[in-house]
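Coordinate-derived values only; no laboratory data. In this text the structure is predicted, and so the values were computed from the model without any measurement. Here the Cβ positions follow ideal geometry from the backbone for every residue, glycine too, while neighbour counts run over all protein chains shown.
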Amino acid sequence: MRKNDSITGNFDWILFGVYLLLVAFGVTTIYSVAYNPDNPSIFSFDEMYGRQLMWVAVSLFLGLLVFLIDSEIYRKFSIPIYIFCLGLLVLVLFMPPINGARAWLGFGSFGIQPGEFAKIGTAILLSNYMSSFNVKQQNGQTVLVSLAIIAVPMLLIMLQPDAGTFVVFTAFLFVMYREGLTFDPIVLKLVNLIPGVKFKSTWVGTHFIPILFVVVFLIVITLIIGHKPLVLDYFPGQVFSGYWRMFAALLSVTVIGYLVMRWMFSKREGRRAFTIAILGFALSVLLTAGVHTAFKSLPYHQKTRIELWLGIYEAEPGTGNVGDGADYNRSRAMTAVGSGGFTGKGYREASVASIKTAHVPECETDFIFSPWAEERGFLGSAVLVILYTFFLLRIITIAERQRSKYNRVYAYSVAMILFYHFAINIGMNIGLVPIIGIPLPLFSYGGSSMMSFSIMIFLLLKLDSQRKDALN
Amino acid sequence: MNFDARRYVIVTFIVITGLMYGIKLFYMQVVDVENWKLEAQRIAEKRKEIPPPRAVVFDRNGKKVVENKTYYNLMMVEEDMVGLDTVAFGKLVGMTKDEVLARIDEIKFGEGKYYNPHTKKKQTNYQRIRPYPFLKELTADEMSKIVPHLDRFPGFYEEITSMRNYPYASGANILGYLAEATQAEIDNDKFYKRADKIGRAGIERFYEVEFRGEKGVKYIVTSARQNNVGSFEDGKYDTTAVQGDGIILGLDIELQAYGEKLLQNKKGCIVAIEPSTGEILAMVSSPSYDPNLLVGRKNINKNYPKLVEDPNIPLFPRPLASEYMPGSTFKLIQALIGMQEEVISHDSGFPCNKSIVGCHNHPNAQSVTQAVQYSCNPYFYAVTRRIIQQGKVKSSFRDSEIGIDIWANYMHSFGLGLKLNTDITGLRAGNIPDSKYYNKWYGKGNWKFSTIRSISIGQGEVQLTPLQLANVAAIMANRGWYYTPHFVKSIGDRGPRIDYTIKNKTLVDRKYFGYVVEGMRRVVHEPGGTAAMARIPNIVMCGKTGTVENYIHGVKQKNHSVFIAFAPMNNPKIAIAVFIENTGGGGGTWAAPAASLVIEKYITGEVKSIEKEKRIMDAELSNWK
């Protein structure tokens, strides 16, 4: 095999192309949102668009640096890099808070968010650790170590506090899932504590991502259908907790599930089917009842926020009447998006999502999707959704063509972090996800996120271009 | 174990998310887009409607009858108020502290509530950030005292508005007035928003669409702090307000004002029509009111209740809606129908047999012309009997049924017993009885001519509006046809409405009119005529008096005085009907001289009959209160 001398020999031009496209869209949107007639040049560094262009230039330069360094270096220095990131996360806790969070490490007027870079450090270390053992060797300890690598920065981020970045770190669970890490040893120990139960393996521990999905689904359903008190015609005057609906639903699903299992399994396994049904039912009831009770004990404004997101009731429209502002940001962003219509209001014609009118707060960062969608309409927003989806799928494709497990774990980390950002950010702009303040990758205004995502992607491109040299 | 298949789980997650977002975006931006657009408009894209001033009205001589005058509203935005000193502010606008607070409350709660289908709750329409008029319709003088101090009271500012003004203070019942549109009107027509003005009576109401013009629309982008940020999409969707074209009336405002003066302290009407065009020259309804009393909300609130409670009912447009018995003026048409039906000829004579019906002393009428001149009651009794009972069938009851329907048909062709298509609201049809009417009243086969004979001389069941009667005068002037009487001569330069240029022909041939018209001339100009007081030097006038007996709840009231006329006899310029209630005198005593003054004024431009004028103007008649 010929060692590839050229830097760009195996360069993935497609990914790079989409990267540039997203960055360009982002800059033009920031130009539209923050346009100041006094400084109309896109290169005016007094304005957001000029500064964003500068960050793009810096990012491309950093990308070049990443390319010039042999990819082995990152692997070798993964622990120091990780520790350096943790150091920054600790350091940032001693900074004065901005908007109630100590997320900014400031050097004069220049500030970075260590949280953004901690994602890269964590991804590199996790890739290194997970590629160091054979899947067959995996046991409870490997899972716990992997979890610890993720959990330490999460803990520090929680102290800032920065809920958005905190949530993004759970993206690594997807990576662990893809690599076949299993919680089975831990789950088995717990399950087998129950007298009379002796499992050799559980589906739960292995397929934790689908399980997680089911858990989230159950929680959402519990909140929605348990919200309204239950009144039955048979018991006039009696009001029951809305939770009984959920209980009835779980019971019927369990019975049906048990019958299906009885039909599928052999007779000897009948007892097992029964155990699974009982356990599943018990766990679900425990979970949903817990969620239901916990929700009821939440403070009013938090409850409202969750209710709004679930669509249990909508905020009262009418400017000046939005109580604690729980729904203000979301409804304004959704108005901007929805009013864009099919073809949009035209470039620099956003009336809702613009800094000048200030109806949508943070419309250059967390809510930047709303000016884009307002000005470009459904055509534009569909293009952006397709572009991001394509970008993510391209990274998965790249990931899957790696021979080295290190490369693959890293690529998946990048894919899943970007996926989280994409899903949460656009989701909250269109009312599908609660408001969690994280930027739209490569699009939102901000140096830290632009640099960290760029480094993340260029490192991926670098690893990919050297994929034929790597062996595991 | 190989976990490569798990990539599909992840790919599925990504693809499903993309699809879900695509669908949701499609739903928001394509399916549900109208709702979001409305929401965006509510939040950021303020649609400001700019109503044009209403169309201006001119009379036939180009004199401005209705114009617009600038007024000011003092607007209030609660959101912008900073520590309002209610005492100082109240002092500035002439209110007490409590009145200021009460007015603010009135604005807040006066906006009402709407049902929000999303929250399933009633919510107030009032918004802190919206401007509402705190004081309305201030004059420039009043406003100039307030404006210099407004900078001490943030949240208040002045806004220009325009209101109607009537330089002549005449013709209130023709012109009508404006009032704020009711909720039903707002719901019915998207043009109107709260506090918009709408024509409430007269031609302002009838020609509402022409009067209101087209609203201009300005789209303004406003920020979350309610500052104007600029026009929306560079004013791409903005339109300018278009004022309606000037409305030119057939009315002669000077004549109108003169007529109103003549009828002061009397109840009655004068309707004058230009026979050759059907244009209404004057339509006096007495008593009337100064139209300036009903300009703007403040004035309406103050004056409207007074006008409603006035026992002389000045708001009632008598010429259009008051139905009177026409009395002897009706005989003209009876004679015409008799000749057309060939039940009499122009030289038929009937003795003045007072045993049938009362009459005054005059020679026996030897012809239609003389019958008109003498206004002989028994003559027209005989004529009408021949029209109603023509002997077409044996039974006199059945014969009367056939006869009265023939008769009624003629009457309809004179514009009687039906609503004229005049361009104003509030018209009434009067009453021309036919067989259906009497069958309902007396029962079929229970009546014949002798039962209903009072209709011969314009009493009984016959009822006409003064406008219809004036139109009869115009028909006489035209010898057999009329244009529908109308007020608006032209809107801009568009000319009269098409249906006002179509001749309505009566069922009586032109040749018969000569005999009647000659009789009308003699009424005024020959000895033995009943309207000698109507004579004007150098003008040949044709007229017919009427003295209408009338009863209220069976109690006889003083007679109404009626006169119809046209002049000059050849090539007539003006046809007129005058109706003065309960004068006690005959048509020749009050109505005829009044009509002659209007004719003199119109034809010669000035009134030389000073004595006559003084007598009419000074008279206090009609049980005036």
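With helices defined as uninterrupted DSSP H runs, which ones in chain A have an alpha carbon span along their own long axis of at least 24 Å and mean Kyte-Doolittle hydropathy of at least 1.6?
In chain A, the long hydrophobic H runs are A:13-34, A:48-68, A:140-159, A:208-225.
Here the protein assembly as shown is assigned +1 on the Cβ of each Lys and Arg and -1 on the Cβ of each Asp and Glu. Its dipole about the Cα centre then comes out at about 2780 debye.
Amide H contacts under 5 Å for B:Leu281: B:Ala272, B:Ile273, B:Glu274, restricted to partners 5 or more places along the chain or on a different chain, H placed in the peptide plane at 1.01 Å from N. Taking GluC sites (Glu not before Pro) as candidate sites, keep only those in a DSSP loop with at most 12 other Cβ atoms within 10 Å, then name the longest stretch of chain B containing none of them. No qualifying site falls inside B:1-341, the longest such stretch.
Straight-line reach from A:Lys119: which aspartates and glutamates have Cα under 15 Å away, leaving out those fewer than 8 places along the same chain? Candidates past the 8-residue exclusion: A:Asp162.
Remark on B:Gln557: its backbone amide H falls under 5 Å from those of B:Asn550, B:Tyr551, B:Ile552, a criterion applied only to residues 5 or more positions apart or on other chains, H modelled at 1.01 Å from N.
For the stretch A:162-302, a/c is not less than 1.5, where a ≥ b ≥ c are the root eigenvalues of the C-alpha gyration tensor, and a/b does not top b/c. That puts it in the oblate class. In sequence order, the stretch B:268-281 has phi-based couplings of x, 9, 10, 10, 10, 10, 7, x, 6, 10, x, 6, 7, 7 Hz under the Karplus curve 6.51 cos²θ - 1.76 cosθ + 1.60, θ = phi - 60°, and Gly or Pro positions carry x. Over the residues of the protein assembly as shown, the helix contribution to mean residue ellipticity at 222 nm works out to -15000 deg cm²/dmol, using -39500 (n - 2.57) for each DSSP H run of at least 4.
Prolate is the label for the stretch B:251-307, because a/c, from the alpha-carbon gyration tensor with a ≥ b ≥ c as root eigenvalues, is 1.5 or above and a/b exceeds b/c.
Given +1 at the Cβ of Lys and Arg, -1 at the Cβ of Asp and Glu and no other charges, the dipole of the stretch A:187-310 around its Cα centre is 500 debye to the nearest 20. Put the Cα centre of the stretch B:493-521 next to the Cα centre of the stretch B:140-159 and the gap is 60 Å. What shape does the stretch A:47-155 take by its C-alpha gyration tensor, where a ≥ b ≥ c are the square roots of the eigenvalues and a/c under 1.5 counts as rounded, a/b above b/c as prolate, and the rest as oblate? Here the stretch A:47-155 falls in the oblate category.
The shape of the protein assembly as shown can be summarised by an equivalent ellipsoid whose semi-axes, obtained from the alpha carbon gyration tensor, come to 95, 34, 26 Å from longest to shortest.
Rounded to whole Å, give me the distance from the Cα center of the stretch B:559-625 to that of the stretch B:407-435. Going from one Cα centre to the other spans 25 Å.
With unit charges on the beta carbon (Lys/Arg positive, Asp/Glu negative), name the residue among B:Val462, B:Thr422, B:Ser435 whose Cα is farthest towards the positive pole of the charge dipole of the stretch B:390-465. About the Cα centre, the residue reaching furthest to the positive side is B:Ser435.
Amide hydrogen proximity for B:Leu135: with H placed 1.01 Å from N in the peptide plane, the residues at 5 or more positions away or on another chain lying under 5 Å are B:Leu74.
Return P(r) of the stretch B:201-308 (all Cα-Cα pairs; 10 Å bins starting at 0; whole %; ordered from short to long distances). Each 10 Å bin holds this share of Cα pairs: 12, 23, 28, 17, 11, 9, 1. Normalised by the number of residues in the stretch A:187-310, the mean separation of alpha-carbon contacts (under 8 Å, six or more apart) gives a relative contact order of 21 percent. Per-peptide packing, taken as the mean over residues of other Cβ atoms within 10 Å, places B:324-332, A:93-101 in the sequence B:324-332, A:93-101 from highest down.
How high is the relative contact order of chain A? Use alpha-carbon pairs under 8 Å, at least six apart in sequence, and give a whole percent.
22 percent
Dimensions of chain A along the principal axes, based on C-alpha atoms and rounded to the nearest Å, stand at 71, 65, 45, largest first. Taking every alpha-carbon pair under 8 Å whose residues sit at least 6 apart, chain B reaches a relative contact order of 14 percent. Legend: mean number of C-beta atoms from other chains within 10 angstrom of residue C-beta atoms, peptide A:419-427, equals 3. Peptides A:254-267, A:155-168 ordered by packing proxy, namely the average of other Cβ atoms within 10 Å per residue, highest first: A:155-168, A:254-267.
What's log10 of I(q)/I(0) for chain B at q = 0.10 Å⁻¹, Debye sum over Cα points only, no solvent? One equal scatterer on each Cα of chain B leads to -0.92. The phi-based Karplus calculation (6.51 cos²θ - 1.76 cosθ + 1.60; θ = phi - 60°) puts the 3J(HN,Hα) values of the stretch B:169-186 at 6, 10, x, 4, 6, 8, 6, x, 8, 10, 9, 5, 4, 7, 4, 4, 5, 5 Hz, whole numbers, x for Gly and Pro. Note on the stretch B:48-113: Rg/Rh from Cα positions, Kirkwood definition for Rh, rounded to two decimals, is 1.20.
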